[in-house]
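The values are calculated or read from the model by the stated rules, or taken from the named source; none is laboratory data. It should be emphasised that the depicted structure is a prediction, and the values quoted were computed from it without experimental measurement. Cβ coordinates were reconstructed from backbone atoms using ideal geometry, including for glycine residues, and neighbour counts include every protein chain displayed.
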Amino acid sequence: ELIKKEIKNFQITNEKQLEAFRLEFLSRNGKVQEMFGMMGNVPNEKKAEMGKAMNKVKILAQEKFEDSKSNLQSASRKEFGAKDDITLPVEPTYTGSFHPLTQALDEIKQIFLRLGFNIADGPELEDDFHNFTALNFPPDHPARDMQDTFFVRKSDQPDEQDLVLRTHTSPVQIRLMKDQQPPLRSIMPGRVYRNEAVTAKSYFQFNQVEGLYVDKNVTMGELIETLVMFAKLMYGSDVKYRVRPSFFPFTEPSIEMDVWWENEKGGQWLEILGAGMVDPNVFEAVNVDPEIYTGFAFGMGVDRIAMLRYGIDDIRLLYENDLRFLNQFKS
Ligand code: PHE
């Protein structure tokens, strides 16, 4: 009778109490087992009656345990509440977005991978040889001027080179040709630096993608065909383009490509890249025989392409990481 009362009075309102109840009454050392253990002291003629009574206590404890357990479970299910239909889609959570430069670069990479180019890489801190000399820049070329180039080390020793933040991705061409024998067909994306005034149109850093193709019998026709293919894949097959003669120290002949850009006032030609046939002097600087090999190279600005594509009118926005700007580029 005493145990019955204890069982009835035991409060079970949470999982902890449920477990405490089980330990106290139903476990191997619990009170119900202990009670059955006292059977030995019961006189024989009372054993049957006592056994029945004890069984009732055991059943009472078990029922209380099971009932409490299922009550607790349905209570916790109610906490979700019927209004929370678990089959409904969850509320959207904040996700990041790819930077417009990354998106434009990805598109450029995809196009050239399709055309059979692989991707190569080089350092942003360059020496004079790779950034200028091997690329056939004369010693007094204005691009070497303090105005354009960030010099990290200006040297007056003959055996020590100037170190610069690379002003273009073309030094990666030099590294590639020094390291590998032709045929070569790579694009080389990367950040470049120029010591220019910061305005809406120019910044002290930007991104280029360089391209280099070197093999036997590479022609100017193939260069133009590759660039036209690029322009069509990038801007649509109806893109209006033109190719003009130009000059770069490291290509001969050199060209530039423009695309026609529609706007409210009608439209205008916009330069999208520079290119040309690799100058024999460049091949000689990296010990590639210009009598055997020819090649073409091109270089384009990723910032310009991203700005055209997304109608961005200030290059500084690309480097300020303002979330109000970046959040507009979720795809
Ligand atoms: N390196 C040149 C620039 O920065 C672009 C270019 C690359 C031109 C390759 C021709 C060939 O302006």
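Are there any strands (runs of 3 or more DSSP E) wholly within region 127-209 with 1 or more residues that are over 28 Å from A104 (Cβ atoms) and within 13 Å of the ligand (Cβ to nearest atom), and if so which? Spell out the reasoning first.
Values: elements: 151-153, 163-165, 184-193.
Output list is empty.
Return the residues of region 291-315 that are more than 16 Å from the ligand (Cβ to nearest atom), more than 24 Å from the chain's Cα centre (by Cα) and within 25 Å of I224 (Cβ to Cβ); say none if nothing qualifies.
Kept after step one, since they are more than 16 Å from the ligand (Cβ to nearest atom), are these residues of region 291-315: 291-293, 306-314.
Among the residues that remain, those that are also more than 24 Å from the chain's Cα centre (by Cα) are: 291-293, 313.
Listed by number, the residues that qualify are E291, I292, Y293.
So which residues in region 210-219 are away from the ligand (no atom under 13 Å from the Cβ) and among the hydrophobic types (A, V, I, L, M, F, W, C)? Spell out how you get there, then give the answer.
Here is the first cut: in region 210-219, the ones away from the ligand (no atom under 13 Å from the Cβ) are 215-219.
Matches in region 210-219: V218 only.
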Of all residues in region 127-156, which are among the acidic types (D, E) and touching a Leu at 6+ places or on another chain (Cβ under 7 Å)?
D127
Scan of region 70-89 for residues that are at pLDDT 80 or above and under 37 Å from the mean Cα position of the chain (by Cα), ordered by number:
T87, L88, P89
Among (1) loosely packed, with under 14 Cβ neighbours inside 10 Å; (2) touching a residue at least 24 places away in the same chain (Cβ under 8 Å); (3) farther than 21 Å from A285 by Cβ; (4) of a type outside the set (D, E), which single condition is P123 missing?
(3)
Show the residue pairs that are 6+ apart or on different chains and have beta-carbon atoms under 9 Å apart, the first residue being within region 12-31 and within 16 Å of V57 (Cα to Cα), the second being part of a loop (DSSP other than H, G, I, E, B) and of a type in the set (V, I, T).
F21/I12
